[in-house]
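This report concerns only the one structure given below.
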Protein chains: 2
Amino acid sequence: MEKQIKNDAITARDVDFAQWYTDVCRKAELMDYSSTKGFIIYRPYGYAIWERIQVYLNQRFAETGHENVYMPMVIPQSLFNKEKEHVEGFAPEVLLATYGGKEKLEDPLIIRPTSEVLFCEHYSKIISSYRDLPKKYNQWCSVVRWEKTTRPFLRGAEFLWQEGHTVHETEEEARVETLGMLKIYEQLGTDLLAIPFMSGQKTEKEKFAGAEETYAIEALMHDGKSLQSGTTHYFGTGFAEAFNIRYQDRQNTLQYAHQTSWGVSTRLIGSLIMVHGDDNGLVLPPFVAPIQVVIVPIMMQKEGVLEASEALLESIQKLGIRVKLDRSTQSPGWKFAEYEMKGVPLRIEVGPRDLANGQVVLALRDTKEKKMVPVATVVEGLQAELKAMHQRMLVAAQNHLEQHITDADSLDELLDILNHKGGYVRLSVSASPDVEQIIKEKAQATARVIPFHQQGLKKTCAITGEPAQRVVLFARAY
Amino acid sequence: MEKQIKNDAITARDVDFAQWYTDVCRKAELMDYSSTKGFIIYRPYGYAIWERIQVYLNQRFAETGHENVYMPMVIPQSLFNKEKEHVEGFAPEVLLATYGGKEKLEDPLIIRPTSEVLFCEHYSKIISSYRDLPKKYNQWCSVVRWEKTTRPFLRGAEFLWQEGHTVHETEEEARVETLGMLKIYEQLGTDLLAIPFMSGQKTEKEKFAGAEETYAIEALMHDGKSLQSGTTHYFGTGFAEAFNIRYQDRQNTLQYAHQTSWGVSTRLIGSLIMVHGDDNGLVLPPFVAPIQVVIVPIMMQKEGVLEASEALLESIQKLGIRVKLDRSTQSPGWKFAEYEMKGVPLRIEVGPRDLANGQVVLALRDTKEKKMVPVATVVEGLQAELKAMHQRMLVAAQNHLEQHITDADSLDELLDILNHKGGYVRLSVSASPDVEQIIKEKAQATARVIPFHQQGLKKTCAITGEPAQRVVLFARAY
């Protein structure tokens with residue numbers, strides 16, 4: 001009872017992965033383009049995925065003592081210029097407002113590309129004693145970065161994200177926060193998105209402008225490229241010094257505070273599409289899916305079909321499962337293709353012949369399996385089906401990831417792996433910036449992370465022949 | 001056992017209401033100023049109130065078939081200019097971005113003051129048949145209006161809001177939507193905010209730029225002024241004609257669609273402050289309060305006090321009540337003032353002497369009543385206390401409102417009422433624009449709403465002596 005037809009509405013992945021991606025974004029009705037390049041419209045189905053991510057993270061943030069706030073969407077240019085590295089990192093890509101109410105602004109306003117300076121300015125006003133610490137704030141908002149090349153969810157002139165900004169008494173506490181939030185992002189992957197993130201530290205070259213250390217979660221896409229899907233930063237006291245965030249410590253001495261920041265964005269939707277999708281469209285992990293079960297009546301006009309469908313709808317809703325009954329006059333075939341495109345995990349087909357036998361068809365989006373299930377017991381099995389699918393998708397992605405971490409000992413090996421297999425290449429390298437420069441030029445790949453587990457460190461740098469100092473994962477990346 | 005001391009940290013309401021308002025905004029830590037005028041920081045306590053409003057409305061919107069989306073924060077100037085009245089209404093107060101990534105933009109970008117044109121442009125692309133209708137979208141976002149005079153929550157250069165935008169097959173359906181959403185806003189008032197809104201239609205002069213009809217909820221502040229707290233608009237086909245939103249109807253004829261829009265904003269926080277607050281600070285209705293119960297241990301070092309407080313905390317949390325135990329080393333007196341300032345509905349004081357008698361003190365924020373309650377039963381009574389307080393606050397606000405709707409028959413009477421009593425003045429007037437012009441000039445008051453119940457319509461216009469056509473409520477307003 002298997003069904004393996006490709007959906008003709010979209011390009012096949014192996015024919016043109018980039019086109020497949022764009023097709024899925026549009027045809028699954030996740031987004032639409034607006035008339036301003038790089039500013040996309042998050043349609044209901046795409047936005048609902050983001051809302052599921054928000055619910056998960058808001059709960060985790062609250063559990064760990066974080067509070068939500070909202071900062072202005074504009075930053076005066078003069079304020080933005082306070083932290084030098086930060087300015088250099090962001091200045092080339094800002095959107096600048098110069099007129100307010102038809103008058104020219106004396107101090108032009110930058111539409112926030114990120115809000116460090118706003119948080120820092122506020123913190124400098126409200127923090128004076130160790131008793132005021134820690135401050136652990138988070139903000140959900142949109143940010144603007146004037147990118148030349150944009151792609152839906154992956155790189156936008158505007159995107160939605162959360163940015164956490166915290167202030168601590170000690171370096172140790174700030175470091176614990178930095179790694180703790182990375183852990184929460186990893187759990188977001190395993191619990192909700194069925195994505196096993198590859199996590200670790202960023203190299204000096206790849207770290208955030210203004211951070212002492214940056215950590216990242218990276219996800220491996222179906223095409224073998226890596227997508228940075230979230231970052232956490234340890235700032236040390238750099239911003240505190242630039243913005244004068246000081247507190248009286250327990251010995252009555254003024255100290256600069258230690259800070260962190262961390263964020264994930266709607267880029268996670270891009271990860272979901274490219275990790276799990278197939279030639280029929282989106283495949284959504286059950287816990288993040290806006291619709292978890294769709295009921296498709298077959299020959300709706302036949303007696304009992306709509307009634308049975310409505311009864312199922314009601315029982316499933318009672319379980320708190322997100323379910324939709326499609327009563328529209330479109331054909332069942334159209335509906336099958338539509339909800340496959342949208343990646344709905346489970347489909348229940350309610351037809352008159354099966355009903356006569358006390359059965360319905362349950363179709364699984366990930367494996368494309370279809371099975372007959374007694375109508376009397378189909379509902380009680382749904383939670384288990386959803387959990388099993390989540391687990392299956394996570395394991396499949398884990399296997400794909402593990403099969404695509406390959407050791408190499410030379411630039412030639414690296415090139416060979418990237419060109420023929422893709423994924424991450426594990427190299428023992430020196431910490432010299434030359435290594436990344438050479439790999440960038442010769443292989444169009446970048447250092448994704450320095451993994452926490454440094455097992456297998458060799459003596460010699462695979463690229464320069466100098467003594468190797470660390471194991472680094474390289475990949476081509478979005 | 002009553003306590004009526006004024007909190008010295010804030011100005012008394014009757015001394016300087018405007019200063020009292022600003023004091024409460026700051027001292028209750030609802031907001032802070034940023035370095036850009038009119039762009040405020042929503043601090044955790046203020047933002048949490050907004051989140052409660054979001055939860056309530058999101059549930060109501062979903063129940064009534066609305067879907068959340070997110071549109072770009074920028075509108076190309078050329079697109080903005082499409083609907084003439086709309087442009088004239090908003091153009092004088094826009095923030096304009098003219099540079100992107102250091103290059104001058106050919107078509108400057110307006111930071112959205114409202115998103116009609118973005119929704120319309122999208123709708124024109126995705127609607128082609130009556131089968132595509134209705135479309136009922138809502139967006140949570142921030143908008144920017146370059147206001148000269150700004151006040152926290154009441155009038156901001158940036159504020160947070162939700163904007164609903166819907167498209168319908170028929171005028172009738174769109175009108176039902178317009179009034180249905182007004183009803184939901186009224187229920188937001190009675191269910192969550194304990195604010196009895198005065199609702200009705202706006203006059204031609206006061207309606208939204210581009211709408212055929214505007215309806216509003218108005219709230220009466222403690223100082224007798226009215227605050228427009230939300231609006232719903234019936235657009236007719238005006239925007240559909242400007243943006244070419246057409247659909248094939250059931251007879252295969254192309255028709256322009258009928259539209260609505262509606263919104264409430266963080267101005268509701270201003271309503272909450274000015275309707276319920278007192279000389280000790282904020283008084284929050286229980287269901288919208290971020291902290292519903294605060295536990296203050298007295299002489300924390302004494303045996304049993306902290307243990308009893310922790311036990312209460314745990315039992316109260318289990319009920320799903322938002323509760324905080326303040327374990328800080330501040331004095332009980334400081335804590336009392338602090339949580340009164342923040343308007344926390346219930347305070348439980350846990351002291352060693354009362355505990356020895358098996359009792360705790362329960363203090364009610366609205367009435368300032370303090371009562372002894374057995375520690376064994378205090379928790380089980382909390383839900384009822386919260387409900388009773390909500391009801392009490394709603395009734396008090398209703399009484400205040402009813403006592404401040406006054407009939408008048410002439411401009412002199414109107415002036416007398418506004419100068420000595422405040423509130424709404426009910427006038428029978430002609431529909432001529434002169435009426436509002438005269439009242440604006442002579443009494444600095446505006447038409448707030450044309451109430452749905454037109455009882456008491458007199459024959460002669462109280463202002464012009466022409467035949468009266470309608471009853472209108474006038475007031476001074478924020």
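The values are calculated or read from the model by the stated rules, or taken from the named source; none is laboratory data. All figures in this text were calculated on a predicted structure; none of them were measured in a lab. For neighbour counting, all protein chains shown are included, and Cβ atoms are generated from backbone atoms with ideal geometry for every residue, glycine included.
The set of residues in region A:120-143 being in a strand (DSSP E or B), small (Gly, Ala, Ser) and buried (at least 18 other Cβ atoms within 10 Å of the Cβ) consists of A:Ser142 alone.
Kindly evaluate A:Asp23 against the criterion of being crowded, with 18+ Cβ neighbours inside 10 Å, modelled with pLDDT of 95 or more and more than 9 Å from chain B (Cβ to nearest Cβ). Judged against the criteria, A:Asp23 is a match.
Can you spot a residue in region B:65-80 that is in contact with a strand residue (DSSP E or B) (Cβ under 9 Å, 6 or more places away or on another chain), modelled with pLDDT under 95, more than 8 Å from chain A (Cβ to nearest Cβ) and more than 30 Å from A:Phe90 (Cβ to Cβ)? No, region B:65-80 contains no residue that is in contact with a strand residue (DSSP E or B) (Cβ under 9 Å, 6 or more places away or on another chain), modelled with pLDDT under 95, more than 8 Å from chain A (Cβ to nearest Cβ) and more than 30 Å from A:Phe90 (Cβ to Cβ).
Among strands (runs of 3 or more DSSP E) entirely within region A:239-307, having at least 3 residues that are within 15 Å of the chain's Cα centre (by Cα) singles out A:258-265.
Any idea which residue in region A:88-118 is farthest from the other protein chains (Cβ to nearest Cβ), counting only those that are of a type in the set (D, E, K, R) and crowded, with 17+ Cβ neighbours inside 10 Å? This residue is A:Glu116.
Among the residues making up region B:164-178, those that are within 10 Å of B:Trp262 (Cα to Cα) and away from chain A (no Cβ under 14 Å) are B:Glu177, B:Thr178.
Within region A:203-223, restricting attention to residues that are under 27 Å from A:Lys421 (Cα atoms) and of a type in the set (A, V, I, L, M, F, W, C), the residue that is surrounded by the most Cβ atoms within 10 Å (Cβ to Cβ) is A:Leu220. The residue pairs whose first member lies in region B:140-162 and is at the interface with chain A (Cβ under 9 Å from one of its Cβ atoms), whose second member is of a type in the set (Gly, Ala, Ser) and assigned to a strand (DSSP E or B), and whose beta carbons are closer than 8 Å, counting only pairs six or more residues apart or on different chains, are B:Cys141/A:Ser142; B:Trp146/A:Gly100; B:Ala157/A:Gly100; B:Glu158/B:Ser142; B:Leu160/B:Ser142; B:Leu160/B:Ser265. Looking only at region B:329-338, residues that are over 23 Å from B:Pro286 (Cβ atoms), within 14 Å of another protein chain (Cβ to nearest Cβ) and not in a loop (DSSP other than H, G, I, E, B) come to 1 in all. For region A:133-163, a residue qualifies if it is of a type in the set (Asp, Glu) and over 19 Å from A:Asn58 (Cα atoms), and the qualifying residues are A:Glu147, A:Glu158.
Selection of region B:311-328 for residues being in contact with a helix residue (DSSP H, G or I) (Cβ under 8 Å, 6 or more places away or on another chain), surrounded by fewer than 16 Cβ atoms within 10 Å (Cβ to Cβ) and within 14 Å of chain A (Cβ to nearest Cβ) yields B:Arg327, B:Ser328. Can you name the number of the only condition in (1) of a type in the set (D, E, K, R); (2) surrounded by fewer than 16 Cβ atoms within 10 Å (Cβ to Cβ); (3) within 11 Å of another protein chain (Cβ to nearest Cβ) that A:Glu85 fails? All conditions pass for A:Glu85, except number (3). Region B:339-432 holds helices (runs of 4 or more DSSP H) entirely within its bounds, and those carrying 1 or more residues that are under 30 Å from B:Glu206 (Cα atoms) and not assigned by TED's automatic domain parsing to the domain that holds B:Leu319 map to B:382-402, B:411-420.
Residues checked against (1) of a type in the set (A, V, I, L, M, F, W, C); (2) touching a Phe, Trp or Tyr at 6+ places or on another chain (Cβ under 6 Å); (3) under 25 Å from B:Gln54 (Cβ atoms); (4) assigned by TED's automatic domain parsing to the domain that holds B:Pro196:
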{"position": "B:Ser229", "(1), (2), (3), (4)": "no, no, yes, yes"}
{"position": "B:His233", "(1), (2), (3), (4)": "no, yes, yes, yes"}
{"position": "B:Asn244", "(1), (2), (3), (4)": "no, no, no, yes"}
{"position": "B:Thr253", "(1), (2), (3), (4)": "no, no, no, yes"}
{"position": "B:Ser261", "(1), (2), (3), (4)": "no, no, yes, yes"}
{"position": "B:Leu284", "(1), (2), (3), (4)": "yes, no, yes, no"}
{"position": "B:Ala308", "(1), (2), (3), (4)": "yes, no, no, no"}
{"position": "B:Glu314", "(1), (2), (3), (4)": "no, no, no, no"}
{"position": "B:Trp334", "(1), (2), (3), (4)": "yes, no, no, no"}
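Restricted to region B:433-470, and to residues there that are among the β-branched types (Val, Ile, Thr) and not in a strand (DSSP E or B), the residue that is nearest to B:Gln398 (Cα to Cα) is B:Ile439. Could you check region B:54-75 and list, in sequence order, the residues that are over 18 Å from B:Ala174 (Cα atoms), of a type in the set (A, V, I, L, M, F, W, C) and either in contact with a helix residue (DSSP H, G or I) (Cβ under 6 Å, 6 or more places away or on another chain) or surrounded by 14 or more Cβ atoms within 10 Å (Cβ to Cβ) (or both)? Result: B:Leu57, B:Val69, B:Met71, B:Met73, B:Val74, B:Ile75.
Restricting attention to region B:26-44, the residues that are over 11 Å from A:His122 (Cβ atoms), crowded, with 21+ Cβ neighbours inside 10 Å and more than 8 Å from every other protein chain (Cβ to nearest Cβ) total 3. Taking the conditions exactly as written (within 25 Å of the chain's Cα centre (by Cα), over 26 Å from A:Glu241 (Cβ atoms), more than 9 Å from chain B (Cβ to nearest Cβ) and among the charged types (D, E, K, R)), does A:Arg52 satisfy them or not? For A:Arg52, the condition - within 25 Å of the chain's Cα centre (by Cα), over 26 Å from A:Glu241 (Cβ atoms), more than 9 Å from chain B (Cβ to nearest Cβ) and among the charged types (D, E, K, R) - is met. Being in contact with a Lys or Arg (Cβ under 9 Å, 6 or more places away or on another chain) and modelled with pLDDT under 95 is not true of A:Gly422. Scan region A:121-139 for residues that are in contact (Cβ under 8 Å) with a residue 24 or more places away in the chain and facing chain B (nearest Cβ under 10 Å) and jot them down. Result: A:Glu121, A:His122, A:Lys135, A:Lys136, A:Tyr137, A:Asn138, A:Gln139.
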